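Read the structure below first, then the notes.
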Amino acid sequence: MHRKQKKNNKQPQKLKPIEAKTYNQREYIRSIIDNDVTFCVGPAGTGKSFVAAGIASEHLHHGKIEQIVVTRPLVCAGREIGAMPGYVDEKIKPYLLPMEENLKFFLGQALYGHYMNRGQIRFEPLETMRGATFHDSYMILDEAQNCTLEQIKMFLTRMGEHSKCIINGDLKQTDLRDRSGLHVCMDKIEYIDGVGTVELDYEDIQRHSIIGEILQALDE
């Protein structure tokens, strides 16, 4: 007597596709696809990190790249919070939590866990990346307004074969005392073939509708 096989009701793991909400976001996606290096600047809430996570998730899931590498400078907004306990990965986790949530939004918890366990999603401290080379990767430098020029140069020179760099930030929210390296870097290399620059503005903000008005008033 043959036992009846149980039906597999488990739904296939699906990726949530990236959908541009504004013209500038579409230009951002196009720049990432067309260029090796893309700089994106704009106010908070405009989708700088969100779009980067979406296109990177899509390309990872469809086998166009081997891994996503995410980093950011460990600079606090405002007052320092002191030394944080734990190992390096525990120290950087609070800083990289927003990008983790963005990746989970597109991949879902199961796919995110799958790629994390396989080492295909990596969160790296910017301060320890020197000497590394990342091939077949989407390298995302988040909150780059808090980077020095030397840090951005170091990050860019980690790019290996068949990789792309996405560098984003808000030039009006730097916590550095000196001029942001992001600003300097964009001024010097934006005209190089293979480098794209995109500027998002208040109308691209996808959070609460009043945020754009508040930021615009405060920035004037």
(message) I'm told Ser137 meets every condition in (1) within 17 Å of Val195 (Cα to Cα); (2) touching a helix residue (DSSP H, G or I) at 6+ places or on another chain (Cβ under 8 Å); (3) touching a residue at least 60 places away in the same chain (Cβ under 8 Å) except one. Can you identify the failing condition by its number?
(response) (2)
(message) With the structure loaded, tell me whether Asp193 is touching a Pro at 6+ places or on another chain (Cβ under 8 Å), of a type in the set (D, E, K, R), surrounded by fewer than 16 Cβ atoms within 10 Å (Cβ to Cβ) and at pLDDT 75 or above or whether it fails that test.
(response) no
(request) Just name the residue that is modelled with the highest pLDDT out of those in region 202-220 that are closer than 20 Å to Arg26 by Cβ and open to solvent by 60 Å² or more (accessible area, probe 1.4 Å). (result) Glu203
(message) Exactly one of these conditions fails for Asn117: (1) open to solvent by 40 Å² or more (accessible area, probe 1.4 Å); (2) modelled with pLDDT under 95. Give me its number.
(response) (2)
(message) Name the residue that is farthest from Lys21 (Cα to Cα), counting only residues in region 51-70 that are free of Cβ contacts under 8 Å to residues at least 60 places away in the same chain and either among the polar types (S, T, N, Q) or not in a loop (DSSP other than H, G, I, E, B) (or both).
(response) His61
(message) Can you find, within region 171-190, the residue that is modelled with the highest pLDDT among those that are part of a loop (DSSP other than H, G, I, E, B) and either touching a Leu at 6+ places or on another chain (Cβ under 9 Å) or on the phi > 0 side of the Ramachandran plot (or both)?
(response) Ser180
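The values are calculated or read from the model by the stated rules, or taken from the named source; none is laboratory data. Bear in mind the structure is a predicted one, so any value in this text is a computation, not a measurement. Note that each Cβ is placed from the backbone with ideal geometry, even for glycine, and that neighbours are counted across all protein chains shown. Note: accessible area is taken over every heavy atom of the protein model, side chains too, but ligands, DNA and RNA are not part of it. Shrake-Rupley method; radii C 1.70, N 1.55, O 1.52, S 1.80 Å.
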